[in-house]
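Notes for the one structure printed next.
The values are calculated or read from the model by the stated rules, or taken from the named source; none is laboratory data. Remember, predicted model here, so these are calculated numbers, not experimental data. A quick note on method: Cβ atoms are made from the backbone with ideal geometry, for glycine too, and the neighbour counts reach across all protein chains shown. Areas reflect the complete protein model, heavy atoms only, side chains present, ligands, DNA and RNA absent. Shrake-Rupley method; radii C 1.70, N 1.55, O 1.52, S 1.80 Å.
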Amino acid sequence: MRFLRTDSASADPDTLKYSSSRDRGVSSSYGLQPSNSAVVSRQRHDDTRGHADIQNDEKGGYSVNGGSGENTYGRKSLGQELRINNVTSPEFTSVQHGSRALATKDMRKSQERSMSYSDESRLSNLLRRITREDDRDRRLATVKQLKEFIQQPENKLVLVKQLDNILAAVHDVLNESSKLLQELRQEGACCLGLLCASLSYEAEKIFKWIFSKFSSSAKDEVKLLYLCATYRALETVGEKKAFSSVMQLVMTSLQSILENVDTPELLCKCVKCILLVARCYPHIFSTNFRDTVDILVGWHIDHTQKPSLTQQVSGWLQSLEPFWVADLAFSTTLL
């Protein structure tokens, strides 16, 4: 026993160092407290590593202990490496929303385009039936459907596209020779007036077409229908000033018609149109006041006309009282 203790005490120092370090490793693995020097060394190492991580975080790197972007070993997790584009990022969200908005806009345009084609097909079908239908009642019903179609604001675009075709179809209706189709022709004149009122931005083209057809027509009953269409357009628009840009054209044309009419029917309808202009656009009518009343006074003193017409002309002249007062010098001379 003494020999063994003496031998252990005289053992090689290197051997003793190896055994003590092995014993520390074993003791630490079983939760035993290491030496004070080892604790101090490990704390210094941790402090150094923590300081470096904080500096990296201030420079835009990861936060302490790797932050949310690293695991314990300083590497990104597999899920983070695969998620290259974060779906919650503002850039990705805005792109997604922009794409969705564009897709919705394209879909809406497609729907509007298909609706336009559908309405255009419906209008084409109505015009075809108006010109080709042989049955009087069905044809009259079709013209009334066209009148309803014209009055719907959402159909303006289609009406503009088909304007020439509509005018051609209405022209055929107004020039029907059969007296049995008088109601059909009146409905056609109504459609023409409503069309002009609905498409006020195309009023110049439509009014020029009306007055041109009036001048070229040889039948008084057809001319009367064109004046009925003019009156319906002026009456529908009323005082909305939608025809302000073309009213001088309208007044000049009506004045020309007034100077050349030779039947009481055409006279009455033309004067009714002129009185509407005088009421809604007095500044336009005032420039034509003298010429208008000069002609009306001529009809008033014509003893060959029926008393009913003379009385009606007298009422028209009296209704223009504001214009008589505004131009007293002319009024006293004429009267």
Fill in: Sparsely packed trypsin sites (Lys or Arg not before Pro) within region 159-241, loop by DSSP, other Cβ within 10 Å at most 16
LYS219, LYS240, LYS241
Practice prompt. Whole number in Å², please: accessible area per residue of region 112-238, 1.4 Å probe, ligands, DNA and RNA not counted.
Written response: 50
Practice prompt. Determine the share of region 135-293's accessible area contributed by carbon and sulfur atoms, expressed in whole percent, with a 1.4 angstrom probe.
Written response: 47
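Can you check what the net charge comes to around VAL297, using other residues whose Cβ is under 12 Å from the Cβ of VAL297 (Lys, Arg +1; Asp, Glu -1)?
Spelling it out: positives minus negatives among the neighbours equals -2.
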Worksheet, complete the sentence: Given the candidates SER331, VAL250, LEU234, the one whose Cα lies deepest towards the positive end of the charge dipole of region 234-335, counting +1 at each Lys or Arg C-beta and -1 at each Asp or Glu C-beta, is LEU234
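Could you compute the net charge surrounding THR332? Neighbours are other residues with a C-beta less than 15 Å from the C-beta of THR332; K and R count +1, D and E count -1.
On the way: positive: ARG290; negative: ASP294, GLU321, ASP327.
That works out to -2.
Among the listed pairs LYS213/LYS241; LYS223/LYS269; LYS156/LYS272, which have their C-alpha atoms separated by more than 18 angstrom in this model?
Check vs 18 Å cut-off fails for LYS213/LYS241; LYS156/LYS272.
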Response to the item:
Shape descriptors of region 244-334 over alpha-carbon atoms, Rg and Dmax in angstrom, are 12.7, 40
Worksheet, complete the sentence: The local net charge around LEU181, scoring Lys/Arg +1 and Asp/Glu -1 for residues other than LEU181 whose Cβ lies under 9 Å from its Cβ, equals +2
Fill in: D (Stokes-Einstein, µm²/s), Kirkwood Cα radius, region 183-233, 0.890 mPa s at 25 °C
229
Worksheet entry | Whole-Hz ³J(HN,Hα) from phi, Karplus 6.51 cos²θ - 1.76 cosθ + 1.60, for region 179-192, glycine and proline x | 6, 6, 9, 4, 5, 4, 5, 5, 5, x, 5, 5, 4, 5
Worksheet entry | Probe 1.4 Å, protein heavy atoms only - accessible area per residue of region 244-334 in square angstrom | 52
Practice prompt. Assign unit charges at the C-beta atoms only (+1 for Lys and Arg, -1 for Asp and Glu), then state the dipole size of region 244-334 relative to its Cα centre in Debye, rounded to the nearest 20.
Written response: 240
Worksheet item: When the chain is fully extended, how far beyond the present Cα-Cα distance does LYS272 get from ASP134, taking 0.36 nm per residue of separation?
Response: 46.2 nm
